[in-house]
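Below is one structure; the comments refer to it alone.
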Amino acid sequence: MQGSQVGYKSGMVSLIGRPNAGKSTLLNKLIGEKIAIVSDKPQTTRTRITGVLTRPDGQIVFLDTPGIHKPGYALNRRMMAVVTDALSSVDLVLLIVDSTEATGSGDRFVRDMIAKIPTRAFLLVNKIDALRDKSRLLPLIQFYSEAREFAEVIPVSAKTGEGAGLLIDKIVEHLPEGQALFPNDALTDQPERVIAAELVREKILHVTGQELPYVTAVVTERWQEEPEVTRIECVIYVERPSQRPIILGHGGARIKQIGIEARADIERLLGRHVFLKLFVKVREHWRDDERALDELGIHG
């Protein structure tokens, strides 16, 4: 049985970095399936997302985490608690940095955090497909390497997959021997209803642009399997009554577009027809409401 032979490697690997470094895009590329939502808006990832990659020689369990930032709301404090927890219980840490951005105070914050972690770490310099001046790589690598030693430094492109094969080989090389932690056909431990809600939230970020970057949450309230179709009902929460019409759009055009785009992704995920119904409700100050965060499934 795969996962039980001598020399088989397995372990937990955290993906960490600043918001928009490309962690979720890289996770999807490595897994070969869309299990983490992607947006150019900061703080898109709010909880820990597990992705499983199984090969004949080993199994890698990736933990995608929220972008590292200084927390303000209770929501953000929970997000950073997810990062801390993911760093404390893994075999390997992948620090992902954006090669196209100049370093600043946020990067120093990340560098200080990674310096305190005793776990073996890789430095992944991402977005090399968009970097015209490759001479910028060396100062960036030096900036992070001053804080700690990295077992590997690998330039990658989460978008194109450049460097992904080498990265996977190096991860397996550095993992301990052990049996598989998940069944061979597993891709994630995320329930389908959670992934569906997150796909709806991704489309909200895409369709509304800069109007509602942080203030929405989505919960799947109904999931009914029928012979020909899966019927799903999701509730979109906003913080103020004035935000509800932004989601709905003129004559309901926006929420219809959100539904069309989300349904297409959910159908690809499930491999069957989906009937998706969306509702918009106001829950004031949910980002700073501990009870609301519990109910929305956003745990620290």
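Structure summary
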| item | result |
| --- | --- |
| Pairs of Cα atoms farther than 16 Å apart, region 220-300, % | 59 |
| For residue 245, net neighbour charge (Lys/Arg +1, Asp/Glu -1) across residues whose Cβ lies under 15 Å away | +3 |
| Summed residue charge, Cβ within 12 Å of residue 174's Cβ, Lys/Arg positive, Asp/Glu negative | -2 |
| Ranked list, fewest to most other Cβ atoms within 10 Å of each Cβ, for 98, 185, 64 | 185, 98, 64 |
| Environment charge at residue 130 (Cβ cut-off 10 Å; Lys +1, Arg +1, Asp -1, Glu -1) | +1 |
| DSSP beta bridge pairing in region 200-300, given as percent antiparallel to the nearest 5 | 45 |
| Sequence-distant lysines (8 or more away, or on other chains) whose Cα lies within less than 28 Å of residue 277 | 34, 41, 203, 256 |
| Filtered GluC sites (Glu not before Pro), region 200-299: DSSP coil and at most 15 other beta carbons within 10 Å | 211, 228, 284 |
| Label-point separation, residue 211 to residue 229 (7 Å along Cα→Cβ), nm | 2.8 |
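Throughout, read-outs are computed from the coordinates displayed, never taken from laboratory work. Bear in mind the structure is a predicted one, so any value in this text is a computation, not a measurement. Every residue, glycine among them, receives a Cβ derived from its backbone with ideal geometry; neighbour counts consider all protein chains shown.
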